[in-house]
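Data first, discussion second: the structure below is written as structure tokens.
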Amino acid sequence: MADPAHPGAIDLADPAFWSLPRDRRLAAFAALRRRETPVRFGTAPGFHALVRHADVRAASRDPAHFASAPGVTVPEPAAWAKAVFGNSMVNLDGADHAALRGVVQRAFTPRLLAVLEERVREIAARAVAEAAREGPRDFVAQIASRVPFEVICELMGVPERARAEIARSIDEASQNVGVRRSRLRIPGRGLYGLARLHGMMAAVARERRRRPTGDLVSALVGADVDGQTLSARQLGAFFSLLLVAGVETTRNALAHGLVLLSAHPDQRDLLAADIDRYADGAVDEIVRHSTPIIQFRRTVVAERELGGRLFRPGEKVLLLYASANRDEAVFERPDAFDITRSPNPHVGYGGGGPHYCLGAHLARLEMTALFRELLDRPDPARSVGAPRLVDSSFDNRVRSLPFAFGTSTGSGCRPGGVSGGAGSPAAGRARRS
């Protein structure tokens with residue numbers, strides 16, 4: 001449990017901590033930031049928590065001491081699962097990570113990005129128009145989940161007829177999202193769904209090898225000047241990462257963004273008045289304030305002093321992005337939501353270094369395009385109630401969010417609600433519903 005007045009009572013290893021209202025967790029992080037050195041949690045071997053912005057950035061940029069292998073999530077992926085499904089890029093270091101990331105980066109050509117940007121705008125516009133025509137109910141189901149999912153499928157050349165089955169596989173691969181029964185959230189746990197995703201992607205890859213179309217998969221499986229391509233397992237692992245991580249994180253950022261803009265009408269009006277000018281700042285501030293990914297883990301592979309503590313090989317370290325993004329030493333009024341905040345060196349895409357989020361540019365495109373569609377209309381979208389959150393130590397996930405089109409005297413979610421720095425009582429009730 002966590003009592004901010006008594007930092008010694010804070011226990012990040014206790015699943016009950018992650019069921020607390022978000023304002024209490026943020027207060028606990030603030031208390032930990034005031035400690036002289038990083039704190040160790042849990043019984044042996046336990047883990048250390050890096051909560052300060054400077055420490056998170058330093059560890060992120062030092063894979064020689066703080067490695068992503070054998071895994072950045074809890075628990076680490078089993079060896080047999082890596083052998084069957086391939087290892088995710090987020091769990092690799094050194095030359096293996098650089099080679100795989102290099103293939104993917106080279107595949108994102110300027111031509112592909114230009115075509116993708118246009119398609120993102122079309123997908124966002126269609127999703128908003130259809131939600132308005134059907135009647136707004138749940139922003140997550142109707143818009144926030146749909147847009148990034150369709151963008152990823154478009155990017156990977158997945159045919160329309162296969163997308164419904166893939167959506168079901170994502171649900172299966174994202175099961176066990178709670179922290180009850182002493183089990184923290186594990187992305188990609190539904191192995192049957194994961195196997196189906198890999199099988200579908202392998203079929204697309206075989207088709208692109210025979211008949212390249214100039215899309216991303218064609219580039220990933222076709223030999224480039226260095227002769228480097230992705231194998232079937234690597235492609236499947238990359239696709240799973242895009243779907244389970246890319247779709248979920250962008251969906252959560254979009255949902256939290258609508259809550260924040262609805263709860264802060266001055267910021268919403270500023271963005272709506274000149275989206276071209278303020279979109280980049282709004283996206284950064286939404287990502288900082290909500291921090292879709294709460295933490296990743298690193299394994300110490302060589303002795304290193306950081307933040308006043310000596311870390312030894314074999315120890316586990318949590319990089320708490322949710323705490324670093326509220327660090328008073330870096331952000332003035334860290335709990336405030338301000339789309340004009342500048343500079344805004346948030347760590348919502350990671351703390352820099354070799355594992356800086358490969359999908360950051362795509363997430364920016366999706367969020368900018370969608371908020372343009374939501375706000376640039378006679379009846380702009382707004383949240384009309386508190387989001388229903390999922391208790392999680394891994395991501396700031398939104399299960400559902402009621403919304404409407406049209407102006408109103410209130411958004412139904414007070415400033416500083418579950419997306420804000422000081423959770424309301426209603427937010428706490430919504431969390432456990």
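Only residues that are within 18 Å of ASP376 (Cα to Cα) and among the β-branched types (Val, Ile, Thr): list them for segment 268-291, please. Spell out the reasoning first.
Of segment 268-291, the ones within 18 Å of ASP376 (Cα to Cα) are 268-283.
Residues satisfying the conditions are ILE275, VAL283.
State which residue is nearest to ALA124 (Cα to Cα) when the search covers only segment 242-266 and only residues that are open to solvent by less than 20 Å² (accessible area, probe 1.4 Å) and polar (S, T, N, Q). Looking at the filtered set, the residue picked out is THR250. Contact map, segment 196-210: residues that are touching a residue at least 12 places away in the same chain (Cβ under 8 Å) paired with residues that are open to solvent by less than 50 Å² (accessible area, probe 1.4 Å) and not in a helix (DSSP H, G or I), Cβ distance under 6 Å, separation 6+ or inter-chain. Pairs shown: VAL204/GLY157. Within segment 17-65, being of a type in the set (A, V, I, L, M) and touching a residue at least 60 places away in the same chain (Cβ under 8 Å) holds for LEU26, ALA30, LEU32, ALA49, LEU50, VAL51, ALA54, VAL56, ALA58, ALA59, ALA64. The set of residues from segment 88-107 being open to solvent by 50 Å² or more (accessible area, probe 1.4 Å) and either of a type outside the set (Lys, Arg) or not in a helix (DSSP H, G or I) (or both) comprises GLY94, ALA95, ASP96, ALA98, GLN105. Cβ separations smaller than 8 Å between residues 6+ apart or across chains give the following pairs from segment 138-166 residues that are touching a residue at least 12 places away in the same chain (Cβ under 8 Å) and open to solvent by 30 Å² or more (accessible area, probe 1.4 Å) to residues that are not in a helix (DSSP H, G or I) and not basic (Lys, Arg): ASP138/SER400; ASP138/LEU401; ASP138/PRO402; ASP138/PHE403; ALA141/SER400.
One line per residue, one yes/no per condition, for (1) within 30 Å of MET156 (Cα to Cα); (2) within 11 Å of the chain's Cα centre (by Cα):
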| position | (1), (2) |
| --- | --- |
| VAL244 | yes, yes |
| VAL247 | yes, yes |
| HIS256 | yes, no |
| ARG277 | no, no |
| GLN295 | yes, yes |
| GLU303 | no, no |
| LEU306 | no, no |
| PRO313 | no, no |
| LEU319 | no, no |
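A count restricted to segment 325-343 and to residues that are in contact with a Phe, Trp or Tyr (Cβ under 9 Å, 6 or more places away or on another chain) and among the aliphatic types (A, V, I, L, M) stands at 1. For segment 122-135, the criterion of being under 18 Å from the mean Cα position of the chain (by Cα) and assigned to a loop (DSSP other than H, G, I, E, B) is met by none of the residues. Each residue in segment 304-355 was checked for being touching a strand residue (DSSP E or B) at 6+ places or on another chain (Cβ under 9 Å) and free of Cβ contacts under 8 Å to residues at least 24 places away in the same chain, and 4 pass. For segment 63-78, the condition holds for no residue, the condition being that it is assigned to a helix (DSSP H, G or I) and surrounded by fewer than 19 Cβ atoms within 10 Å (Cβ to Cβ).
When segment 123-137 is filtered for residues that are in contact with a helix residue (DSSP H, G or I) (Cβ under 9 Å, 6 or more places away or on another chain) and open to solvent by 30 Å² or more (accessible area, probe 1.4 Å), the ones remaining, listed by number, are ALA125, ARG126, ALA129, GLU130, GLU134, PRO136, ARG137.
The values are calculated or read from the model by the stated rules, or taken from the named source; none is laboratory data. What you see is a predicted model; the values in this text were computed from it and never measured. Glycine gets a Cβ as well: all are built from the backbone with ideal geometry, and neighbour counts include every protein chain shown. Just so you know, the surface numbers come from the protein's heavy atoms only, side chains and all, with ligands and any DNA or RNA stripped out. Shrake-Rupley method; radii C 1.70, N 1.55, O 1.52, S 1.80 Å.
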